[in-house]
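Presented below is the structure to which this report refers.
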Amino acid sequence: MNDLTELYREYGDDRLPPGQRETSRFPVLSKSGTPSWDRESWRFEVWGAVDDPLDLSWEEFTALPTETQVQDFHCVTGWSKFDCEFTGVPFSTLAEEAGVDDDAVHVMFHAMDDYTTNLPLDDCLREGVLFVVEYDGEPLPPEHGGPLRVVTPHKYAYKGAKWVSGVEFLTAPERGYWEKRGYSNTANPWEEERYA
Ligand SMILES: Nc1nc2c(c(=O)[nH]1)N[C@H]1C(S)=C(S)[C@@H](COP(=O)(O)O)O[C@H]1N2
Ligand SMILES: [Mo]
C-alpha cells in the first residue's frame, strides 16, 4: 500500500487546503447522472500523439498491473475526504504501453457521459494519477465513476474523469468540459484555483 497523504507538503503547510472542510462522507457530483455500461462492449482507447494507439476490452484493461494507494480527495465545491483507498493502473503505465510521442505536452480525458477534462502531461505522470478500479477494496461504485475513473490528488477532483473511456495525447493544450465553463484550468487546491 502506497501512502500519498503527505503530498500536500509540496504545496503548503496544511493537509486541508484553504477554504475546504473535511467530510467523512463521499458525496457524488455528476453533471448528468450515471451512465450505464456492460462488460462485453466496454472499450478503453488511447489515441493522438502516441506510437501505439490502444483499444482495450475490460478483460485486457484489468490484466494491467495495479497498485493500491491511500490519498486525499478535494472537491472544488468545498469538501475534502482524507484517506481514500484507491486501487488502479498508474497513468504512467498506460503512457508506456502506448509509447507517448516526444511532442506530446497535454492530455484530454474522455468519459462515457461526454465529460472531458484536461491536464498537462507532466501532471498526469505523477505517482498519484491512477485509473481506479477499486475503492476501499471493492469495485468502484457506479455513481463514483465505476467501472473506471481517474483520480488526481494534487488537483481538485474535477480533473479526474469518472466513467473514463479514453485518453487523448495532444501536442498543444485544449480545455475540457468545466475548464471551458469557468472552472480553473490549473485547479491547485492549495492555491484555491477554483474558478478562472
Ligand atoms: N465523467 C465525469 N467525470 C466527473 C464529473 C462528471 O460529471 N462526469 N464530475 C467531476 C466533478 S465536478 C467532481 S467534484 C468529481 C466528483 O467525484 P465523486 O462523484 O466520486 O465525488 O468527479 C469529476 N469527474
Ligand atoms: Mo466538482
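The values are calculated or read from the model by the stated rules, or taken from the named source; none is laboratory data. Remember, predicted model here, so these are calculated numbers, not experimental data. Neighbour counts run over all protein chains shown; Cβ positions are idealised from the backbone, glycine included. Accessible surface areas use protein heavy atoms only, side chains included; no ligands, DNA or RNA. Shrake-Rupley method; radii C 1.70, N 1.55, O 1.52, S 1.80 Å.
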(request) Kindly provide the set of residues from the range 108-145 that are of a type in the set (A, V, I, L, M) and either within 16 Å of ligand 2 (Cβ to nearest atom) or in a loop (DSSP other than H, G, I, E, B) (or both), ordered by number. (result) 111, 112, 119, 125, 129, 140
(request) Output the residues belonging to the range 74-84 that are open to solvent by 50 Å² or more (accessible area, probe 1.4 Å) and at positive phi. (result) 83
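For (1) in contact (Cβ under 8 Å) with a residue 12 or more places away in the chain; (2) under 18 Å from the mean Cα position of the chain (by Cα); (3) within 16 Å of ligand 2 (Cβ to nearest atom), each residue gets a yes or a no:
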site: 2; (1), (2), (3): yes, yes, no
site: 15; (1), (2), (3): yes, no, no
site: 18; (1), (2), (3): yes, no, no
site: 31; (1), (2), (3): yes, yes, yes
site: 35; (1), (2), (3): yes, yes, no
site: 39; (1), (2), (3): yes, no, no
site: 46; (1), (2), (3): yes, yes, no
(message) Tell me the residue from 34, 87 that is in contact with a Gly (Cβ under 8 Å, 6 or more places away or on another chain), among the hydroxyl-bearing types (Ser, Thr, Tyr) and surrounded by 17 or more Cβ atoms within 10 Å (Cβ to Cβ), please.
(response) 87
(request) Tell me, please, whether a residue that is away from ligand 2 (no atom under 16 Å from the Cβ) and at pLDDT 95 or above can be found in the range 74-81. (result) no
(message) Which numbered condition in (1) under 23 Å from residue 17 (Cα atoms); (2) of a type in the set (Val, Ile, Thr); (3) open to solvent by 20 Å² or more (accessible area, probe 1.4 Å); (4) not in a strand (DSSP E or B) is the only one that residue 93 fails?
(response) (1)
